[in-house]
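*Asks:* Here you go, one structure.
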Amino acid sequence: MRKKIVAGNWKMNNDFNQAISLVNELKRMDTFKDVSVMISPAFPFLKTALDLLENSNIEVISQNVHQNQKGAFTGEISVEMLKSIGVNKTIIGHSERRAYFNENDSVLLEKVTLALSNNLDVIFCFGEELLDRKSNNHFQVVKNQLQNTVLNLDKHLWSKIVLAYEPVWAIGTGETATPEQAQEMHEFIRKCILESYDKTTSENVSILYGGSVKPSNANEIFIKKDVDGGLIGGASLDAKDFHLIIKANSSL
Ligand code: PEP
């Protein structure tokens, strides 16, 4: 059975004190056994967050990682660095990385491959832009993104991957995909995985939706049968809102 997940993408927000307060607030809140919760503070605060959350069920993950093992890449963070402080999962392929840092499918496949071969699990993000949807090209765009990246991986690696479908037009815009739009795309994604692998692989991968999820719309999206949770940006910076979104994904 696949996991229900709610992951917070903090992006480049919160200074040290704000990050610690948010971590402590989340730590005090009730937990739901059927939902895995993850947060991704900025790099300088990962180790502090890990220490504070040591005996909690909140996992601390990275927002990004470099595609090379080590070397002269000023300002970058390696898989080994993350693993050495106890981070075991990273987001890769967020639309902001694609748009502002020119990360294309080929670089993203290098990142995913290096991360997985070093036991750094991956939340892999992808999704179409507004123009793609307006021209009714969104299914093809998503299929291409998958075919150029994760659909090239060995089948056994799929137990270490979570997918996050994030239509670019819905990220940080306040505009959310309708539950029906999310469901039909998630179902399509599972079909693409089925075509490349098998039913077990396509049924077992968790597929998260991301794009302006809030406490007010989380439930109607999460209830859809192929939506296993959410990657949450803005609303993950508010402990109460994030907690309500986690609760919305729980069946308990
Ligand atoms: C994101 O950045 O992954 C995201 C979904 O952001 P927001 O929830 O703010 O739209």
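*Asks:* Is it the case, given these coordinates, that Leu114 is in contact (Cβ under 8 Å) with a residue 40 or more places away in the chain and within 18 Å of Ser206 (Cβ to Cβ)?
*Replies:* So Leu114 fails the test.
*Asks:* Here's another thing I want to ask about it. Which one is nearest to the chain's Cα centre (by Cα), of the residues in segment 53-79 that are polar (S, T, N, Q) and surrounded by fewer than 16 Cβ atoms within 10 Å (Cβ to Cβ)? Break it down stepwise before answering.
*Replies:* Kept after step one, since they are polar (S, T, N, Q), are these residues of segment 53-79: 55-57, 62-64, 67-69, 74, 78.
Right, trim to surrounded by fewer than 16 Cβ atoms within 10 Å (Cβ to Cβ) and you get 55-57, 68-69, 74.
Working: Asn55: 23, Ser56: 20, Asn57: 17, Asn68: 21, Gln69: 22, Thr74: 25 Å.
This residue is Asn57.
*Asks:* With (1) surrounded by fewer than 21 Cβ atoms within 10 Å (Cβ to Cβ); (2) away from the ligand (no atom under 16 Å from the Cβ); (3) assigned to a loop (DSSP other than H, G, I, E, B); (4) not polar (S, T, N, Q) as the list, and Glu103 as the residue in question, which single condition is left unmet?
*Replies:* (2)
*Asks:* Can you pull out the residues in segment 55-86 that are in contact (Cβ under 8 Å) with a residue 12 or more places away in the chain, farther than 21 Å from Phe242 by Cα and of a type outside the set (S, T, N, Q)?
*Replies:* Correct list: Val65, His66, Ile77, Val79, Glu80, Leu82, Lys83, Ile85, Gly86.
*Asks:* Output the residue which, of all residues in segment 1-36 that are under 16 Å from Gly230 (Cβ atoms) and exposed (fewer than 15 other Cβ atoms within 10 Å of the Cβ), is farthest from the chain's Cα centre (by Cα).
*Replies:* Checking each candidate, the answer is Asp34.
*Asks:* Please determine whether any residue of segment 113-131 is in contact with a Ser or Thr (Cβ under 7 Å, 6 or more places away or on another chain), assigned to a loop (DSSP other than H, G, I, E, B) and modelled with pLDDT of 95 or more.
*Replies:* Among the residues of segment 113-131, at least one is in contact with a Ser or Thr (Cβ under 7 Å, 6 or more places away or on another chain), assigned to a loop (DSSP other than H, G, I, E, B) and modelled with pLDDT of 95 or more, which makes the answer yes.
*Asks:* Only residues that are farther than 21 Å from His94 by Cβ and not polar (S, T, N, Q): list them for segment 159-187, please.
*Replies:* Pro179, Glu180, Glu184, Glu187 - these are the residues of segment 159-187 that are farther than 21 Å from His94 by Cβ and not polar (S, T, N, Q).
*Asks:* Only residues in segment 88-101 that are in contact (Cβ under 8 Å) with a residue 24 or more places away in the chain count as the first member; pair them with residues that are among the small types (Gly, Ala, Ser) and more than 12 Å from the ligand (Cβ to nearest atom), Cβ under 9 angstrom, at least 6 apart or cross-chain, and list the lot.
*Replies:* Qualifying pairs under 9 Å: Lys89/Ser62; Lys89/Ala115; Thr90/Ser62; Thr90/Ala115; Ile91/Ser62; Ile92/Ala115.
*Asks:* Restricting to segment 173-186, and then to whatever is touching a Phe, Trp or Tyr at 6+ places or on another chain (Cβ under 8 Å) and not in a helix (DSSP H, G or I), can you tell me which residue is surrounded by the most Cβ atoms within 10 Å (Cβ to Cβ)?
*Replies:* Top of the filtered list is Ala177.
*Asks:* Output the number of residues of segment 134-172 satisfying the condition of being surrounded by 13 or more Cβ atoms within 10 Å (Cβ to Cβ), out of contact with any Leu (no Cβ under 9 Å at 6 or more places or on another chain) and not in a helix (DSSP H, G or I).
*Replies:* Residues that pass the stated criteria total 2.
*Asks:* May I ask you to list the residues in segment 37-52 that are buried (at least 17 other Cβ atoms within 10 Å of the Cβ) and either in contact with an Asp or Glu (Cβ under 8 Å, 6 or more places away or on another chain) or without any contact (Cβ under 8 Å) to a residue 24 or more places away in the chain (or both)?
*Replies:* Listed by number, the residues that qualify are Val37, Met38, Ile39.
The values are calculated or read from the model by the stated rules, or taken from the named source; none is laboratory data. Note that this is a predicted model, so its numbers are computed, not measured. So basically every Cβ, Gly included, is an ideal-geometry build from the backbone, and we count neighbours across all protein chains shown.
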